[in-house]
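What follows is a short report on a single structure.
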Amino acid sequence: MRRQIRSKNKKDERLPVDASKLNMGNTYSSAPDFYYDIEFDCQDCGKQETWSARQQKWWYEDAGGYFFATAVRCRACREKERQRKQQARVNAGHEPKA
Ligand SMILES: [Zn+2]
């Protein structure tokens, strides 16, 4: 899977990090100053997706995501994985069947 250079006419977005909202766990490393768009290949289907600076800011600061967790699946595979886990909980009897 070859990484592609971003096209020049698309402006790279960067957003300032609000370190006070981060869930850094037990680490003493410091947060970066900015979020940048990250391109990655989905670990399930290999599709290339962009994890935008805006999505990262939401995930880390509003959703309380662990700071060192990064995106590994594309949108479609994340949704599949979410349903698989939900189904597993139902099968295990932890949640009522819908
Ligand atoms: Zn995928």
query: Taking the stretch 36-55 only, how many residues are without any contact (Cβ under 8 Å) to a residue 24 or more places away in the chain and in contact with a strand residue (DSSP E or B) (Cβ under 6 Å, 6 or more places away or on another chain)?
result: 2
- prompt: On the given criteria, is A71 within 15 Å of the ligand (Cβ to nearest atom) and assigned to a loop (DSSP other than H, G, I, E, B)?
  reply: yes
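Residue-by-condition table, conditions (1) modelled with pLDDT under 90; (2) loosely packed, with under 11 Cβ neighbours inside 10 Å:
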| position | (1), (2) |
| --- | --- |
| V17 | no, no |
| N26 | yes, yes |
| S29 | yes, yes |
| F67 | yes, no |
| C74 | no, no |
| E79 | no, no |
| K85 | no, yes |
| P96 | yes, yes |
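Taking the conditions exactly as written (within 18 Å of M24 (Cα to Cα) and more than 16 Å from the ligand (Cβ to nearest atom)), does G65 satisfy them or not?
For G65, the condition - within 18 Å of M24 (Cα to Cα) and more than 16 Å from the ligand (Cβ to nearest atom) - is met.
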- request: Could you run through the stretch 31-42 and say how many residues are in contact with a helix residue (DSSP H, G or I) (Cβ under 8 Å, 6 or more places away or on another chain) and either surrounded by 15 or more Cβ atoms within 10 Å (Cβ to Cβ) or assigned to a loop (DSSP other than H, G, I, E, B) (or both)?
  value: 4
message: If P96 meets every condition in (1) in a loop (DSSP other than H, G, I, E, B); (2) touching a residue at least 12 places away in the same chain (Cβ under 8 Å) apart from one, which number is that one?
response: (2)
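The values are calculated or read from the model by the stated rules, or taken from the named source; none is laboratory data. Since this is a predicted model, take the numbers as computed values, not measurements. Cβ: placed from backbone, ideal geometry, glycine included. Neighbour counts: every protein chain shown.
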